[in-house]
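What follows is a set of notes on a single structure, which appears directly below.
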Amino acid sequence: FDEWSGLLFMPEIITAFVTPNYPKIAQVIRDAAGILNKWTGNPSFTGYQTRNPNNIKLQMAAIYTALQMQGIVYNNPPASYEMIGQRVRLPHMVLEQKQGTCLDLAILYAACLESVGLFPLLFFIKGHAFGGCWLEEETFADCMVDDVSAIEKRIVSGAEEVLLVECTDFVLGKKIEFDKALKHGKDNLLNLSDFECVVDVQRLSLIHI
C-alpha cells in the first residue's frame, strides 16, 4: 500500500498518498493558524476566497513554518528511485516518525495545503521531488505535465501563477525562511533538462484519484 511505482508508469498515482484528512494534519493546521494570527491578526484559512495571491502566499508560509516546528529529519532516498519507484511514508507517518525523504516531505506539504483548500503541485526533477501551489483557483488541463515551458511561463517574477517550494528546507537544523525556500524551489528548474514532470493534485482529485 505504501509503494509508488515511480515516473515510468502512471506517475500521477503519487496523488493517492496525499492525505489531507488525517487528524495529525489538522494539528499542523492549528499550529499554522496560530502563526497566521500572529502575523496578520486573523487565524483563518480562506483558501482562494479573497482572490489575493499575497493571501495565498501567507497561508503557504504559515503551513511551511508550522511544519518547520515539527522537527522532522531529512533522510536520503534510495538511489535512482525516480526510475524504479520507492516506498512512501504517508503524511501522518512523517509526522509520527519525524523523518522523511524529499518525496515524503513534498507529499506532507501538499496534504497540508489541500486540507485548507489550496491546490498543491508535486514537482519531479532528476533525482529529486519538491512542492508547489497555485496562486489562483486553477489547474493544468492535464493531470501530469512534462512540458517545462508550461511551468516557465507561470513562474515569471512579478507575474507568478504558481509558487515552487523546496520542502527539504523545513527540516530540522536548516532554519530556512519561507522566502528562501521559494527561491530554492525556483532554482530547482535552473537546469531545464533535469525537469521530469509536475503532478497536479487538484486535477487528479477531480477524477477521484
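Just so it is clear, none of the values below were taken in a lab; they were calculated from the coordinates. Keep in mind that this is a model prediction, so the values were computed, not measured. Counting neighbours? That spans all protein chains shown, and the Cβs are built from the backbone with ideal geometry, glycine included.
Other residues whose C-beta falls under 11 angstrom from the C-beta of residue 150 contribute a net charge of -4, scoring Lys and Arg +1 and Asp and Glu -1. Placing +1 on the Cβ of every Lys and Arg and -1 on the Cβ of every Asp and Glu, with no other charges, gives region 50-209 a dipole of roughly 520 debye about its Cα centre. Once C-alpha pairs closer than 8 Å and six or more residues apart are averaged by separation and normalised to the residue number of the chain, the relative contact order reads 25 percent. Full extension of the segment from residue 16 to residue 98, taken as 0.36 nm per residue of separation minus the current Cα-Cα distance, would add 27.4 nm. Packing order of peptides 160-169, 146-155, highest average first: 160-169, 146-155 (average count of other Cβ atoms within 10 Å over each peptide's residues). Backbone amide hydrogens, once placed in the peptide plane, bring residue 129 within less than 5 Å of 103, excluding anything fewer than 5 places away on its chain. Simple spin-label estimate for residue 206 and residue 190 gives 3.5 nm between the two label positions (7 Å along the Cα-to-Cβ direction from each Cα).
Modelled this way, with points 7 Å down the Cα-to-C-beta line, the labels at residue 87 and residue 161 are 4.0 nm from one another. Ranked by the mean number of other Cβ atoms within 10 Å of their residues, highest first, the peptides 135-144, 2-11 fall in the order 135-144, 2-11. Taking the empirical scaling 2.2 N^0.38 Å for compact globular proteins as reference, region 85-174 has a Cα radius of gyration ratio of 1.12.
With contacts taken as Cα pairs under 8 Å and at least 6 residues apart, region 127-196 reaches a relative contact order of 36 percent. Note on region 181-209 and region 123-137: Cα centroid distance 3 Å, given to the nearest whole angstrom. Measuring nothing but how far apart in sequence close Cα pairs (under 8 Å, 6+ apart) lie, relative to its length, region 4-79 scores a relative contact order of 27 percent.
Our summary of shape: the Cα atoms of the chain have principal axis extents of 46, 38, 33 Å, ordered from largest down, in whole angstrom. Highest mean first, the peptides 27-40, 184-197 sorted by other C-beta atoms within 10 Å per residue fall in the order 27-40, 184-197.
Applying 1/(1 + (r/R0)^6) with R0 = 30 Å to the Cβ-Cβ distance of residue 40 and residue 172 gives a FRET efficiency near 0.65. Take the chain, connect every pair of alpha-carbon atoms lying under 10 Å apart with a spring to form a Gaussian network, then pick out the residue of 159, 110, 129 with the largest mean-square fluctuation. Judging by the Gaussian network model, the answer is 159.
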